[in-house]
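The values are calculated or read from the model by the stated rules, or taken from the named source; none is laboratory data. Owing to the predicted nature of the structure, the values given are computational and were not obtained by experimental measurement. Backbone-built Cβ (ideal geometry, glycine too); neighbour counts: all protein chains shown. Side chains included, ligands, DNA and RNA excluded: accessible areas come from the protein's heavy atoms. Shrake-Rupley method; radii C 1.70, N 1.55, O 1.52, S 1.80 Å.
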Amino acid sequence: MKAAYLQALNVERAARRACVLVTDLAQGAQRLVLADQIAADPLHEEIDTALRMGKSGMVEHGTGRFFLTVQAPPLRIVVVGAVHVSQALASMAHLLGHRVIVVDPRTAFASKERFPDADLMAQWPDEALPVVGIDRYTAFVALTHDPKIDDPGLAAALQSDCFYVGALGSRKTHAKRLDRLAAAGFGPHQLARIHAPIGLDIGAVSPAEIALSIMAEITAAQRKKPERPTGS
Amino acid sequence: MALASDSDILEQAEAWHRAGRGVAIATVVETWGSAPRPIGSHLVIDEEGHFLGSVSGGCVEGAVVSEAMDVIGSGTPRLLEFGVADETAWQVGLSCGGKIAVYVEKVVS
């Protein structure tokens, strides 16, 4: 391995950018494919799949066999609202190996006793989220039911390329939310990214069950191949 | 002591190379049956046989380290296979019923 590739692997990982080292095991030839070079790479389909699964592995392409050393940044879940559902969600996400960041300006809610498995930011979302830096390997969840807190968070998430955006609330609550965000300048394609009502439909009742449905929806968004946009 | 993660291991490899040491990186590239470490796991080795990480949870590290020191000397990568059907693997103790392939390459400037 070229020392420059080794250095680049370390730099990209620290910066939370995906990259893949492609090794032709028979020839010894190698190339490093950075996140913005994947689309143009002959192995882009295999690389996309490997990154989605977060797994290194052998692939066959044409006459060659290649090993893909995959560096996918660890997932983070940013939760706005240090509420009951968030407590269960933080525990489940921790079990799944994801880092959880809980943002809530109400300091009585955002306490370490209630969230032993999460990083807490007792700030407004519009202050906290630029510091967190929402990226493609981040899921964003708004759970307060309070537009004053949820909306600025959703606005930041919709301006990012995070892989999941979800917001708690009934269809009626969500319709009002869409009106507010549309008035704030978000278009229909951006607003369609919001999963609402949040979570897979498993008939969840308790806070822990709602957290389970959200966690399942986030996992599906992480692992499943995205559906091709229809119409356009 | 915390176990070194694969990311710590690649950082160590870079640090050793910067310090002027000969360094090889071993990577689990294929597994069959029950293998103790997943595909993509790394072991880094320097020219004196210091190593960090794991490719098998201890079963074949000794053999990989000695092969890696040859690779550091020659500069030519090697693809090693260990399994219970292999006498060497039995000797080195991969008795868990698995089989693994390990790619060993030198870090070159």
Here the residues within segment A:23-50 that are under 23 Å from B:V102 (Cβ atoms) and part of a helix (DSSP H, G or I) are A:E46, A:I47, A:A50
Strands (runs of 3 or more DSSP E) (entirely within segment B:10-54) containing at least 2 residues that are open to solvent by 20 Å² or more (accessible area, probe 1.4 Å) | B:23-32, B:51-53
Quick one: would you say A:V85 is under 16 Å from the mean Cα position of the chain (by Cα) and within 22 Å of A:L178 (Cβ to Cβ)?
-> no
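Every residue, every condition in (1) in contact with a helix residue (DSSP H, G or I) (Cβ under 6 Å, 6 or more places away or on another chain); (2) farther than 24 Å from B:V108 by Cα; (3) without any contact (Cβ under 8 Å) to a residue 40 or more places away in the chain, yes or no:
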| residue | (1), (2), (3) |
| --- | --- |
| A:K2 | no, no, yes |
| A:L6 | yes, no, yes |
| A:E12 | no, no, no |
| A:Q27 | no, no, yes |
| A:I38 | yes, yes, yes |
Result of the Cβ filter at 6 Å on segment A:84-103, keeping first residues that are open to solvent by 30 Å² or more (accessible area, probe 1.4 Å) and partners that are assigned to a helix (DSSP H, G or I), at least 6 apart or interchain, is A:H84/A:P207; A:M92/A:A211; A:M92/A:M215
Assuming B:L94 fulfils every condition listed in (1) modelled with pLDDT of 95 or more; (2) open to solvent by less than 60 Å² (accessible area, probe 1.4 Å) apart from one, which condition is it?
-> (1)
Selection from segment B:1-51 of residues that are out of contact with any Ser or Thr (no Cβ under 7 Å at 6 or more places or on another chain), hydrophobic (A, V, I, L, M, F, W, C) and within 22 Å of A:A72 (Cβ to Cβ) = B:A2, B:L3, B:A4, B:I9, B:L10, B:A13, B:I25, B:A26, B:V29, B:A35, B:V44
Single residue of A:R65, A:R76 found to be among the basic types (K, R), within 14 Å of chain B (Cβ to nearest Cβ) and either open to solvent by 60 Å² or more (accessible area, probe 1.4 Å) or under 30 Å from B:R37 (Cβ atoms) (or both) = A:R65
Any helices (runs of 4 or more DSSP H) falling wholly within segment A:130-232 and containing at least 1 residues that are closer than 19 Å to A:P74 by Cα | A:147-158, A:207-223
Which one of these is modelled with pLDDT of 95 or more and open to solvent by less than 50 Å² (accessible area, probe 1.4 Å): A:A155, A:A183?
-> A:A155
Conditions (1) open to solvent by less than 30 Å² (accessible area, probe 1.4 Å); (2) more than 10 Å from every other protein chain (Cβ to nearest Cβ); (3) not in a strand (DSSP E or B) -> A:N10 fails only (2)
Would you check if there is a residue in segment B:67-76 being surrounded by 13 or more Cβ atoms within 10 Å (Cβ to Cβ), within 12 Å of chain A (Cβ to nearest Cβ) and at pLDDT 95 or above?
-> yes
Please specify each residue of segment A:193-210 satisfying the condition of being surrounded by 12 or more Cβ atoms within 10 Å (Cβ to Cβ) and aliphatic (A, V, I, L, M).
-> A:I194, A:A196, A:I198, A:L200, A:I202, A:A204, A:A208, A:I210
Does A:V132 fit the bill of being at pLDDT below 95, under 14 Å from the mean Cα position of the chain (by Cα) and either of a type outside the set (K, R) or under 20 Å from A:A216 (Cα atoms) (or both)?
-> yes
Check on A:T138, among the hydroxyl-bearing types (S, T, Y) and in contact with a Lys or Arg (Cβ under 6 Å, 6 or more places away or on another chain) = yes
